[in-house]
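Only one structure is covered here, and it is reproduced in the block below.
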Amino acid sequence: MLVVPSKNQIIYQKDELIAFIHFGINTFTDKEWGDGKENPKIFNPKDLDVNQWIYTLYISGFKKVIITTKHHDGFCLWPSSFTNHSIKNSPYKNGKGNIVKEVYDACCKYGLKFGIYLSLWDQNSIYYGKGEAYNKYYINQLKELLNNYPSILEIWMDGAKDSKINQDYDFDRYFKVIKKLQPNCIIFSPVGPDIRWIGNERGYAGEPFWSTIDISKMKIKEIPKYLNTGDPKGTNWVVGEADVSIRPGWFYHESENSKVKTLNELKDIYFNSVGRNAVLLLNVCPNKEGKLYKVDINNLKSFSNWINRTFSNNLLKGSSIKSKELDQNHSNLINSNYDDYCSCTTKTPTIEISFEKELKFNIIQIQEYIPLGQRIFNFKIYCFIENNWQEVYKGQTIGYKRLILIDTVKASKIKIEILDSIEKPILNNVSIYFDKNSK
Ligand code: FUL
């Protein structure tokens, strides 16, 4: 039996673009990692505009927002009853503020999904390192958050740990609490169960990139290479989430204002994450005033304009598909209805698509219908250029979506040769596009 994703994992994968927001006490100390000894009084955004953050992310095409409710310093952006290291002891709104709620409300206003990052490593907590006492504390905070917002759709627990203090995390218990209080919440952690780290913080999924992996192997040790490629024989479906910040750091630093990722860098990340069967989690970081910086906003807008412009017009519309190794639903390959798919009748089919006229293009998109599993192992793409078939690409996996950037060609046909697959492939889309700004 092939491993397949859950309903929530399919919904999650189709979102494609998620925004991370790193904001907290580090924003005020100009650090990436705090130590839990900060004075909460330094947390004082004078001109906080959560609406500006969420509106920017909304018009930039993000479908969900994950906020750092608590980072490794333990400082909470909500007035937690279980610690004094929180916004309630800061000058912000005279200790009456709750930025988690502000973000939640703004997400509701713009129709974005909402998720939380609740760091496992807490350097402020007196319980950290005391085993069960800390697990209780963590669960209390989890409940405080999960009970207070009607819909939390992702929770992020990263693998960062104290190098000197040993604290075991009771993941199974956390997962039970989460699934009980928010049944549709999808969980990211070093041990799954729904989403996994991509193995680097550059936003690059591997080649090959399998959504299948063995959680039992993930539990022994975090192996970035394994996470980065997955495992064709894996017994669990754990979607890859490619996290990367729009700046060198995760938190805002004025000194990085000239290092905001450009459109070209964001495009490259997009091809290597969404275009390689992963979901992109792109981080933005509001500054001390509580606003996103203008360059970050501009680059996000250019990025989303580029996506909309480039992928709105599938040049294959009206083309004819030839293959003896496909079922009769050929047209399902080029229509835009997600659940229309086309099954191959062999494990190694060749699919040829003839265009109505010669086309100029440089992006090829292929999608496997993942509700029925990830199957393709090796493929080649050829274009018919000046009366000759020329190989333009050789790749391994496809999965939910594969975006292939090639040098611009003028061709009248395209041929996809699937050389190896676990089971007979099931495809739901082939598209070609032209990005006039790529070579
Ligand atoms: C890591 C953390 O240590 C970084 O500070 C950041 O939050 C990143 C997204 O996850 O584990």
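See the values below:
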read-out	value
Nearest-ten-degree value, helix 50-59 long axis tilted from longest Cα axis of the chain	0
Long pairs among Lys41/Lys113; Lys70/Lys164; Lys31/Lys291, criterion Cα-Cα beyond 19 Å	Lys41/Lys113; Lys70/Lys164
Sequence-distant lysines (8 or more away, or on other chains) whose Cα lies within less than 18 Å of Lys219	Lys161, Lys176, Lys233
Solvent-accessible heavy-atom area per residue, rounded to whole Å², over the stretch 320-433 at 1.4 Å	42
Interchain or long-range residues, amide H under 5 Å from Ser86's placed H	Cys76
Cα-based Rg of the stretch 320-433 normalised by 2.2 N^0.38 Å, two decimals	0.97
Cα long-axis angle, helix 263-272 against the chain (0 to 90 degrees, to the nearest 10)	70
222 nm mean residue ellipticity, helices alone, for the chain (DSSP H n ≥ 4; -39,500 (n - 2.57); rounded to 500)	-7000 deg cm²/dmol
FRET efficiency for Asn337 and Ile165, using Cβ-Cβ distance with R0 set to 41 Å, rounded to 0.05	0.20
Probe 1.4 Å, accessible area per residue of the stretch 7-312, Å²	39
25 °C / 0.890 mPa s Stokes-Einstein diffusion coefficient of the stretch 1-49, Kirkwood radius on C-alpha pairs, µm²/s	168
In sequence order, calculated HN-Hα J values of the stretch 104-112 (Karplus, 6.51, -1.76, 1.60; Hz; x Gly/Pro)	4, 4, 5, 4, 4, 4, 9, x, 9
Ellipsoid equivalent to the stretch 7-312 - semi-axes via the Cα gyration tensor, in Å	27, 25, 17
Size of charge dipole - the stretch 150-232 - debye, nearest 20, with Cβ of Lys, Arg +1 and Asp, Glu -1, no other charges	160
Cα centroid separation, the stretch 312-348 to the stretch 86-147 (Å)	47
Linear extension gain, Lys436 paired with Asn264, 0.36 nm per residue minus alpha-carbon span	60.6 nm
Calculated from backbone phi, Karplus (6.51, -1.76, 1.60) coupling profile of the stretch 192-204 in Hz, x at Gly/Pro	x, x, 9, 10, 10, 5, 8, x, 8, 10, 9, x, 10
Packing-based ranking, highest mean first, of 72-81, 429-438 given that Cβ atoms within 10 Å are counted	72-81, 429-438
Reachable lysines, given that their alpha-carbon falls under 29 Å from the alpha-carbon of Lys357 and they are not under 8 places away in the same chain	Lys267, Lys317, Lys322, Lys324, Lys380, Lys394, Lys401, Lys410, Lys413, Lys415, Lys436, Lys439
Prolate/oblate/rounded call for the stretch 146-255, Cα gyration tensor, a/c under 1.5 rounded	rounded
Accessible-area composition of the stretch 320-433, carbon plus sulfur, in percent [1.4 Å probe]	41
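The values are calculated or read from the model by the stated rules, or taken from the named source; none is laboratory data. Quick caveat: nothing in here was measured; it's all calculated off a predicted structure. Using ideal geometry, Cβ is built from the backbone for each residue, glycine included, and neighbour counts are taken over all protein chains shown. The accessibility values were calculated without ligands, DNA or RNA, using every heavy atom of the protein model including side chains. Shrake-Rupley method; radii C 1.70, N 1.55, O 1.52, S 1.80 Å.
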